[in-house]
Amino acid sequence: MTIRPLIAGNWKMNGLAASLGEVHALREAQAAPACDVLICPPATLIGAMVAAVQGHPMMVGAQDCHAAESGAHTGDLSAEMIADAGGSAVIVGHSERRADHGEDDAAVKAKAEAALRAGLIAIVCIGETEEERDAGRALDVVLGQLAASLPAGATAENTVIAYEPVWAIGTGRVPEIADIAQMHDALRDDLKDRLSDGASVRLLYGGSMKPGNAAEILAVENVNGGLIGGASLKAADFGAIIAAA
């Protein structure tokens, strides 16, 4: 079975209008990518980025959403608002949201279900801390997060799982290839048990992937793409990762 890779860029709290120049450069350099490409900019740029990629297969998404469709939630965005702006996907449960905003698995699941409700692809993030890995609990923690964060109605078409070892994000540290393979194999087996099409759900690796290590990581069985942070901000770097896929 061939799973079409997904290379997703998470710009985090970076990017102003001038940053759209990187998107135009990426569009020119990757006219017909052999994988799916998604960029999740800050909310202020979603509409402008949708316009910038019009006519190109590149997708635009968001970095978070609220579980409710609307209401008195100052500063929040609903999944329906993201879809209305032209977004195709939304990241939920990123480790920085879990840490900075206290989001637990139940909140992540509710947000993922909101994404599906609005017709968006939910990119559900899971991953262990350094303390949890050092204690030998990495597999238990991550599989537990998957069980508690996976939205009802999840399919290979509407849900993507992103494994992000928290201790590797933005640090330049990357787990051993064998550790990545072990985690992704365990996630695949678990998804096969949970979903009828679990063998086809895309599993992304998200932990300091960059041009220099992308090819090696993407060659690992059951790694079906990457969730890219800093390297997605520059067209040259992001394009090199897309090429590796």
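Mind checking which residues of region 1-57 are of a type in the set (V, I, T), farther than 17 Å from G230 by Cα and modelled with pLDDT of 95 or more?
Matches in region 1-57: I3, T44, I46, V50, V53.
From (1) within 20 Å of the chain's Cα centre (by Cα); (2) surrounded by 17 or more Cβ atoms within 10 Å (Cβ to Cβ), pick out the condition that doesn't hold for T2.
Unmet condition: (2).
Considering region 11-31 alone, what residues qualify as being within 20 Å of A89 (Cα to Cα) and out of contact with any helix residue (DSSP H, G or I) (no Cβ under 7 Å at 6 or more places or on another chain)?
The answer is K12, M13, N14, R27.
Search region 30-43 for residues that are touching a residue at least 40 places away in the same chain (Cβ under 8 Å) and closer than 22 Å to E157 by Cβ and pair each with any residue that is outside any loop (DSSP other than H, G, I, E, B) and among the hydroxyl-bearing types (S, T, Y) when their beta-carbon atoms are under 9 Å apart and the residues are at least 6 apart or on different chains.
Note: pairs meeting the criteria are I39/S232; C40/S232.
Identify all residues within region 209-230 that are in a helix (DSSP H, G or I) and touching a residue at least 60 places away in the same chain (Cβ under 8 Å); write none if there are none. Can you show your working first?
Start the filter on region 209-230 by keeping residues that are in a helix (DSSP H, G or I), which leaves 211-218, 230.
Hits for region 209-230 are L218, G230.
Cβ-Cβ distance below 6 Å, separation of 6 or more or different chains: which pairs start in region 81-106 with a residue that is free of Cβ contacts under 8 Å to residues at least 24 places away in the same chain and end on one that is part of a helix (DSSP H, G or I)?
Taking only residues 6 or more apart or on different chains, the pairs are E103/R97.
Among the numbered criteria (1) surrounded by fewer than 17 Cβ atoms within 10 Å (Cβ to Cβ); (2) within 15 Å of the chain's Cα centre (by Cα); (3) not charged (D, E, K, R), which one does L227 miss?
All conditions are met except number (1).
Going by what's in this entry, would E130 be described as of a type in the set (D, E) and closer than 18 Å to G9 by Cα?
For E130, the condition - of a type in the set (D, E) and closer than 18 Å to G9 by Cα - is not met.
Restricting to region 164-179, name every residue that is out of contact with any Pro (no Cβ under 7 Å at 6 or more places or on another chain) and either free of Cβ contacts under 8 Å to residues at least 24 places away in the same chain or closer than 19 Å to G144 by Cβ (or both).
E164, V166, W167, E176, A178, D179
Here are M58, M49: which of them is crowded, with 19+ Cβ neighbours inside 10 Å and either over 16 Å from the mean Cα position of the chain (by Cα) or in contact (Cβ under 8 Å) with a residue 60 or more places away in the chain (or both)?
Going through M58, M49 in turn, just one is crowded, with 19+ Cβ neighbours inside 10 Å and either over 16 Å from the mean Cα position of the chain (by Cα) or in contact (Cβ under 8 Å) with a residue 60 or more places away in the chain (or both): M49.
I'm checking my understanding of the structure. Among residues of region 192-217 that are of a type in the set (A, V, I, L, M) and surrounded by fewer than 20 Cβ atoms within 10 Å (Cβ to Cβ), which one is nearest to G170 (Cα to Cα)? Spell out the reasoning first.
Of the residues in region 192-217, the ones of a type in the set (A, V, I, L, M) are 195, 199, 201, 203-204, 209, 214-215, 217.
Next cut, surrounded by fewer than 20 Cβ atoms within 10 Å (Cβ to Cβ) only: 195, 199, 215.
On the way: L195: 32, A199: 30, A215: 19 Å.
Checking each candidate, the answer is A215.
Are any of the residues in region 124-133 farther than 24 Å from N224 by Cα, without any contact (Cβ under 8 Å) to a residue 40 or more places away in the chain and touching an Asp or Glu at 6+ places or on another chain (Cβ under 9 Å)?
yes
The values are calculated or read from the model by the stated rules, or taken from the named source; none is laboratory data. For clarity, every value in this text was computed on a predicted model and none was experimentally measured. No Cβ is skipped: glycine too gets one built from the backbone with ideal geometry, and neighbour counts run over all protein chains shown.
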